[in-house]
1. Pull out a ≥ b ≥ c, the square roots of the eigenvalues of the alpha-carbon gyration tensor of the chain, then state rounded if a/c is under 1.5, prolate if not and a/b is larger than b/c, and oblate in the remaining case.
2. How would 116, 194 line up from fewest to most surrounding beta-carbon atoms within 10 angstrom?
3. Specify the angular offset, from 0 to 90 degrees and rounded to the nearest 10, of the alpha carbon long axis of helix 91-106 from the longest principal axis of the alpha carbons in the chain.
4. If you average the C-alpha positions of the stretch 102-138 and of the stretch 34-99 separately, how far apart do those two centres end up, in angstrom?
5. Enter the angle in degrees (range 0 to 90, nearest 10) between the Cα long axis of helix 71-83 and the first principal axis of the Cα atoms of the chain, meaning the one along which they spread out most.
6. Between helix 124-147 and the chain, what is the angle of the helix's C-alpha long axis to the longest principal axis, kept within 0 to 90° and rounded to the nearest 10?
7. Indicate the gyration tensor shape class of the stretch 20-66 (rounded, prolate or oblate), computed on the Cα atoms with a ≥ b ≥ c the square roots of the eigenvalues: a/c under 1.5 is rounded; otherwise a/b larger than b/c is prolate and the rest oblate.
């Protein structure tokens, strides 16, 4: 009886390594900084991360999604924080608490947020995608406010104001000269909004 020996080409076999998603994200941001978003391919990202293109597509739909991954979780956090706010909390205070909670979650990713902002600022298609993402967050906040019994147009106005505060606070946070935390900047921005609307 003959025995068949199977020889494995170890160079071609994909090796399992932990945190493929994190390595893909790191590789993508490095390549976007080096070559620009437009000139970076999925194949190059996968190669830099030491994984296959198939692994890339298990984590991200396309190379844009590396920049927008986590939007769904952020939207869920904002909506659930508003819905679960205690009875008697004003709509703007419920939204402020939600935006501050999002800021606390993002705080540890400041350097990555700076890199992300630079990539998006340099590409018109990505800037448009960012506006769509912010509109989705505003819509989720408005829906959460309506669930709390806030009528229109108050729900939409409050939600849009909240997202404007969030966007401006993030812009201040990623500024190299700024050392304050994102939750602190969110509180400060809401404070300034309240002062303006109160006529002070």
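1. Cα axes put the chain in the prolate bin.
2. Going from sparsest to densest Cβ surroundings: 194, 116.
3. Once rounded, one gets 30 degrees.
4. 9
5. Approximately 30 degrees, to the nearest ten.
6. Result, in degrees: 50.
7. Prolate, because a/c is 1.5 or more and a/b exceeds b/c.
Every read-out reported here was derived from the displayed coordinates using simple, explicitly stated rules and does not represent laboratory data. This one's a predicted model, so the numbers in the text were calculated from it and none came from an experiment. Note that each Cβ is placed from the backbone with ideal geometry, even for glycine, and that neighbours are counted across all protein chains shown.
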